[in-house]
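A.B. asks: One structure, as structure tokens, below. Some questions next.
The values are calculated or read from the model by the stated rules, or taken from the named source; none is laboratory data. Fair warning: this is a prediction, and the values are worked out from it, not measured in the lab. Methodologically, a virtual Cβ is constructed for each residue, glycine included, from the backbone with ideal geometry; neighbour enumeration extends over all protein chains shown.
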Amino acid sequence: MNSLQQIYTILHKDILLELRSKDIITTMLIFSLTVVVIFNFVFEPGSEEMATSAPGILWVAFAFASNLGLSRSFAREQENSNMQGLLLCPVDRSAVFTAKVAGNVLFIFLVELITLPVMVLFFDLHIGPVWLPLLGTLILGTLGFATVGTVFSAISANTRSREVMLPIMLFPVTVPIILAAIKSTSYLLAGRDMSQVWSWLRLLIAFDVIYFVVCFLLYEYVVEE
Amino acid sequence: MNSIRSSHLVLIILTFIVIEIALYLSFLYAPTESTMGDVQRIFYFHVPSAWASFLAFFIVCAASIAFLRTGKAHWDRLAASSAEIGVLFITIVLLTGPLWAKPVWNVYWTWDARLTTSLVLWLIYIAYLMVRNYTTDPERGARFAAVFGIIGFIDVPIVYMSIRWWRTLHPAPVIAGGEGSGLAPEMFRTLMFNLFAFSILFITLLVLSYRISTLEKQLQALKHQS
């Protein structure tokens, strides 16, 4: 098996597991919707602020939901010593890492795809002309978040306080990702010039690459027994 | 065995002397700033503390890389000691900053690039200490902390750059400005000396803290034997 096949096999296993239980996506989805509903109380109905704050709310909802999904996805690997089995397989650690990141991106992105239209409805957003770059922003932001989260969820699962540690590690480190994602989303929704959006998207891509390389190199030290 | 080694004693005395000189320079030698007044003197402690914290976090990252490559426990102890002292200095930065900002900016806090970065930095290294202490298996905890220490340090310039793009208000660096940078020669000399003094202070704290963790480890080993 070459490494692409290895990645695909591990990813396939994760997708199958999720299709059977559906617990990660369901929890994330309900949670992100709850966050959106709670934020709605901050604003006067129909006020201008609502539209300008929407990108921030969107990403807060996604970040919190991802945090939940990431810790759940690693906890699943710990049940029945799943991770040990995976590490005993004759596959490279980097294949395991890439497959886990891909799985996490996929699940989080699905949740975002469902939350976004709900947000559009609730907050009366106009995404018609910008839906394609908006989806790009979602994927790029999610990729950065999931990359760092894949390493940190493996760490937090082995600490005494378990899931509690994940947000404490994840949020400060991913500040640049969240910031760049919020900025490009808000520029897109405000109908700003594409060149302004692009300057933030470029930054987001650069961050994604840096985080991916660093986490890729360090992952083996985290899962090592 | 002596409780304090003579080399440590020399370091402590040296630190005492340079810090005394630093205090003299900051409060008596350096002239009073014309618009800000005496509150500007906090600058002589604020900037060197920031410098010492960066030094500390750099050592955390370097020692973490060395630990992951060699697996030698002393690198891990060095990283842990350095992180603790780094958190101390960055806390001083976060406390002295608002004290200066209130009379000068009229607010304690503003979400400017450098301020926000310092706060994020503080959060990252608090998390670093928590990872280390909350992991049940110490050998694993050391590895986790090393991984987090490396990612955290690489993150610092990224956080700074991203927030700088967003907004900045903090006074621009006055040191590299040369002529017209607004820093009188006495102020410049004071700042330079304080940077040196705080580096010495940092090194002394690091050496002592490292020594304590080494002794703790020996004590653990002795307890294990008996």
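A.B. asks: Can you tell me which residue is nearest to the other protein chains (Cβ to nearest Cβ) among those in the stretch A:155-183 that are crowded, with 20+ Cβ neighbours inside 10 Å and of a type in the set (Ser, Thr, Tyr)?
C.D. replies: Applying the filter and picking the extreme gives A:Thr159.
A.B. asks: Right, something else. Mind checking which residues of the stretch B:165-188 are within 21 Å of the chain's Cα centre (by Cα) and modelled with pLDDT of 75 or more?
C.D. replies: B:Phe188, the sole residue that qualifies.
A.B. asks: What number of residues in the stretch B:22-42 are in a helix (DSSP H, G or I) and either charged (D, E, K, R) or touching a helix residue (DSSP H, G or I) at 6+ places or on another chain (Cβ under 7 Å) (or both)? Spell out how you get there, then give the answer.
C.D. replies: Applying the first criterion (in a helix (DSSP H, G or I)) to the stretch B:22-42 yields B:22-29, B:38-42.
Subsequent filtering for residues that are either charged (D, E, K, R) or touching a helix residue (DSSP H, G or I) at 6+ places or on another chain (Cβ under 7 Å) (or both) retains B:22, B:25-27, B:29, B:38-39, B:41-42.
Total meeting the criteria: 9.
A.B. asks: Given the residues A:Ile139, A:Ile168, A:Ile178, which is the only one that is part of a helix (DSSP H, G or I) and farther than 25 Å from B:Met130 by Cα?
C.D. replies: Working: A:Ile168 fails: farther than 25 Å from B:Met130 by Cα; A:Ile178 fails: farther than 25 Å from B:Met130 by Cα.
Checking each option against the conditions leaves just A:Ile139.
A.B. asks: Would you point out which residue out of A:Leu113, A:Leu87, A:Leu68, A:Leu19 is within 19 Å of the chain's Cα centre (by Cα) and surrounded by 14 or more Cβ atoms within 10 Å (Cβ to Cβ)?
C.D. replies: Working: A:Leu113 fails: surrounded by 14 or more Cβ atoms within 10 Å (Cβ to Cβ); A:Leu87 fails: within 19 Å of the chain's Cα centre (by Cα); A:Leu19 fails: surrounded by 14 or more Cβ atoms within 10 Å (Cβ to Cβ).
The match here is A:Leu68.
A.B. asks: On to the next question. With the requirement that a residue be at the interface with chain B (Cβ under 9 Å from one of its Cβ atoms) and surrounded by 15 or more Cβ atoms within 10 Å (Cβ to Cβ), what does the stretch A:211-225 give you?
C.D. replies: Scanning the stretch A:211-225 gives A:Tyr211, A:Val214, A:Cys215, A:Leu218, A:Tyr219, A:Tyr221, A:Val222.
A.B. asks: Restricting to the stretch A:1-36, what's the tally of residues that are assigned to a helix (DSSP H, G or I) and within 21 Å of A:Leu116 (Cα to Cα)?
C.D. replies: Of the residues in the stretch A:1-36, the ones assigned to a helix (DSSP H, G or I) are A:3-21, A:23-36.
If we keep only those that are within 21 Å of A:Leu116 (Cα to Cα) too, we end up with A:23-36.
Residues that pass the stated criteria total 14.
A.B. asks: How many residues are buried (at least 17 other Cβ atoms within 10 Å of the Cβ) and more than 21 Å from A:Tyr187 (Cα to Cα) if we restrict to the stretch A:27-42?
C.D. replies: Total satisfying the criteria: 6.
A.B. asks: Being away from chain B (no Cβ under 14 Å), within 21 Å of A:Thr52 (Cα to Cα) and free of Cβ contacts under 8 Å to residues at least 12 places away in the same chain is the requirement here; does A:Gly136 meet it?
C.D. replies: Details: away from chain B (no Cβ under 14 Å): yes; within 21 Å of A:Thr52 (Cα to Cα): yes; free of Cβ contacts under 8 Å to residues at least 12 places away in the same chain: no.
No, not satisfied.
A.B. asks: Sort through B:Leu123, B:Leu115 and tell me the only one that's more than 12 Å from the chain's Cα centre (by Cα), under 20 Å from B:Arg164 (Cβ atoms) and surrounded by 19 or more Cβ atoms within 10 Å (Cβ to Cβ).
C.D. replies: Details: B:Leu123 fails: surrounded by 19 or more Cβ atoms within 10 Å (Cβ to Cβ).
On inspection, the qualifying residue turns out to be B:Leu115.
A.B. asks: Which count do you get for residues in the stretch B:136-164 that are at pLDDT 85 or above, β-branched (Val, Ile, Thr) and either within 19 Å of A:Tyr221 (Cα to Cα) or buried (at least 23 other Cβ atoms within 10 Å of the Cβ) (or both)?
C.D. replies: 4
A.B. asks: Quick one: which of A:Ala75, A:Ala99, A:Ala51 is aliphatic (A, V, I, L, M) and crowded, with 19+ Cβ neighbours inside 10 Å? Step through it out loud before you land on a result.
C.D. replies: Values: A:Ala75 fails: crowded, with 19+ Cβ neighbours inside 10 Å; A:Ala51 fails: crowded, with 19+ Cβ neighbours inside 10 Å.
Answer to the selection: A:Ala99.
A.B. asks: Could you list, in sequence order, the residues of the stretch B:77-114 that are in a helix (DSSP H, G or I), in contact with a helix residue (DSSP H, G or I) (Cβ under 9 Å, 6 or more places away or on another chain) and among the aromatic types (Phe, Trp, Tyr)?
C.D. replies: Hits for the stretch B:77-114 are B:Phe89, B:Trp100.
A.B. asks: Residues of the stretch A:184-210 being facing chain B (nearest Cβ under 8 Å) and at pLDDT 90 or above, which ones?
C.D. replies: A:Phe207, A:Ile210
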